[in-house]
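Just below is one structure, and these are the notes that go with it.
The values are calculated or read from the model by the stated rules, or taken from the named source; none is laboratory data. Just so we're clear, the structure is a prediction, and the values are computed from it rather than from any experiment. So basically every Cβ, Gly included, is an ideal-geometry build from the backbone, and we count neighbours across all protein chains shown. Note: areas computed on protein heavy atoms with side chains; ligands, DNA, RNA excluded. Shrake-Rupley method; radii C 1.70, N 1.55, O 1.52, S 1.80 Å.
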Amino acid sequence: MAVCCWLLVHGLLFTSSFAHNEFFTSIGQMTDLLFTEKDLVRSLKDYIRAEENKLEQIKKWADKLDVLSAVATQDPEGFLGHPVNAFKLMKRLNTEWGELESLVLTDMSDVFISNLTIQRQHFPDDNDQTGAAKALMRLQDTYRLDTNTISTGQLPDPAHQRANGNLKYFEYQLSKQKKVEEGDAEGRQKRETRGQADDYLPERKTYERLCRGEGVRMTPRRQSRLFCRYFDNDRHPRYVIGPVKQEDEWDRPRIVRYHNIVSDKEMEKVKELAKPRLRRATISNPVTGVLETAHYRISKSAWLGAYEHPVVDKINQRIEDITGLDVTTAEDLQVANYGVGGQYEPHFDFGRKNEPDAFEELGTGNRIATWLLYMSDVQAGGATVFTDAGAAVWPKKGTAVFWYNLHPSGEGDYRTRHAACPVLVGNKWVSNKWIHERGQEFRRRCGLQETD
C-alpha cells in the first residue's frame, strides 16, 4: 500500500513539474492551450445542460404540486376523503419528496470538476503570466507603442510607428554615444566583451531602432552594388539546370538570401518533428561556458539529426551544395519557435577568445558560418538585425540567409553581431545550421566576397 501511495505521489509530482513548461516562450506550443480551453468550454457546457435538465425536472415537480396543493387545500377533508388521494399524499411525503431531495443534492459538476482538475496540471503558471506581461512591456518599449494601442490590441506595422517622429532625438543621442566610443582607445576590446553595463545602453538603442526599421546604415552607392542573381555554385551538378535565386542583403559583412529554398511541405515536416521536443532555448554563459536559460532569449528549440528523417537529411545536403561547405562537422539542425514577444538580444554565433570554448567537446573548431532558414512569415516585428553593421533582414517564409562568422584568417568577424527582434504580431519559426571550421580547410567561400 505504501509503495502504491509513493508511486502515486511521485507520478503527480512528475506530471506537475512537466506541466510547468514555460508556455510563454513558444507560440507553437501555446496553440495546444487553445484546444485545451476549447475542451474545457465543451465540458462546461455539458455541465450547464446537466444543471438545466436538473432544474427543469425540479420545476416540473414544483409546478405539478403547486396546482395539486391549490386544489387540495380548498377542501382538505373532501380531497382526502378519496382513498387514492390519501394514498398519493402518503406516497409523496414518504418517498417522492425524498427522491426530490436526492435530486436537489445531486452534484452535476463532478465530471466538469474532474476534467478541470486534470487539465489544470497542464495550465500555464505564474511564471508564464509574468513572462507574457513582460513581453507586452518589451513590445511597447521596442516598437514605441502607447498603452492604448497595447490594451485595445490594435497593433500596427512597426515600420509605421509614430516613433518616426522622434527620429532626430534618437539620432542625436546615438551621435553623442558614438563620439564617446570613438574616443575610447579600447573600443575593440569593449566590443569583444559585450554585456558590460557601459556597453549595454548604446547597443540596446541601436538594436531597438533597427527593429523598428530605423537607422539602417546603407548608402545609395552601396545599395547600387547589391544584386539578385541565379546561383549555381560554380556549376554544381544539382543546380546547373535549376539554379537557386540569390539576393544580396548586405555588403559588409556579406549577407545573402536564398529564395524558395525549401518547400512548404518540407517546412511543415520539420515543425512536426520538432514541436514535441521543443525546450526552452539556452545560451552559453560567457564566464563559465555552461548552457543556461536567459531572460533575453525568449524561444524554444529542438535539435534534429540528419538520420531522423529524409527531409532533414535533404535540407542538410542542400545547405552543403549551395554553400560549398562540409556539413558533416556541422551541428544538428536547430529548430526554434519564438514565444510572446519572442526575441534573442545581440550576440555572436562564434566563440570568442576571451570566453570558455563552448565547442571544445565537439572537436570541430569554431562556427565558421551560419545558415538561417525562415519557416514562417511574421506579420510584424521579428527581424534579424546586425547591430554593428546597422543591417536589418526581415523574415520571409521559405528563404534562408547565410553569412560567414569568421574571417579567412580564422578571426571572428565582430560585424556579425546580431539579434532576433521581438515578434510583434505572428508566429515565428526558424531553423539554424551552424557550420564549423573542420572539414573546410580545402573549400572556398563560394563567391561571398565583400564589395568595396
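Numbers for the structure displayed
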quantity: Scope segment 233-261; condition open to solvent by 20 Å² or more (accessible area, probe 1.4 Å) and in a strand (DSSP E or B); matching residues; calculated: Lys245, Glu247, Glu249, His259
quantity: Segment 343-352, subset open to solvent by 20 Å² or more (accessible area, probe 1.4 Å) and in a loop (DSSP other than H, G, I, E, B), residue nearest to Lys428 (Cα to Cα); calculated: Phe348
quantity: Members of segment 278-332 found to be open to solvent by 70 Å² or more (accessible area, probe 1.4 Å), in a strand (DSSP E or B) and in contact with a helix residue (DSSP H, G or I) (Cβ under 9 Å, 6 or more places away or on another chain), listed by number; calculated: Trp303
quantity: Failed item in (1) open to solvent by less than 90 Å² (accessible area, probe 1.4 Å); (2) modelled with pLDDT of 95 or more; (3) within 41 Å of the chain's Cα centre (by Cα), with Glu56 passing the rest; calculated: (3)
quantity: Any chance Lys314 is over 15 Å from Glu22 (Cβ atoms), at pLDDT 95 or above, touching a Gly at 6+ places or on another chain (Cβ under 8 Å) and assigned by the TED database to the domain that holds Cys421; calculated: no
quantity: Residue tally, condition closer than 18 Å to Gly98 by Cα and either in contact with a Ser or Thr (Cβ under 7 Å, 6 or more places away or on another chain) or of a type in the set (A, V, I, L, M, F, W, C) (or both), over segment 55-67; calculated: 5
quantity: Filtered residue count, segment 132-156, keeping only those that are surrounded by 11 or more Cβ atoms within 10 Å (Cβ to Cβ) and either in contact with a strand residue (DSSP E or B) (Cβ under 7 Å, 6 or more places away or on another chain) or in a helix (DSSP H, G or I) (or both); calculated: 15
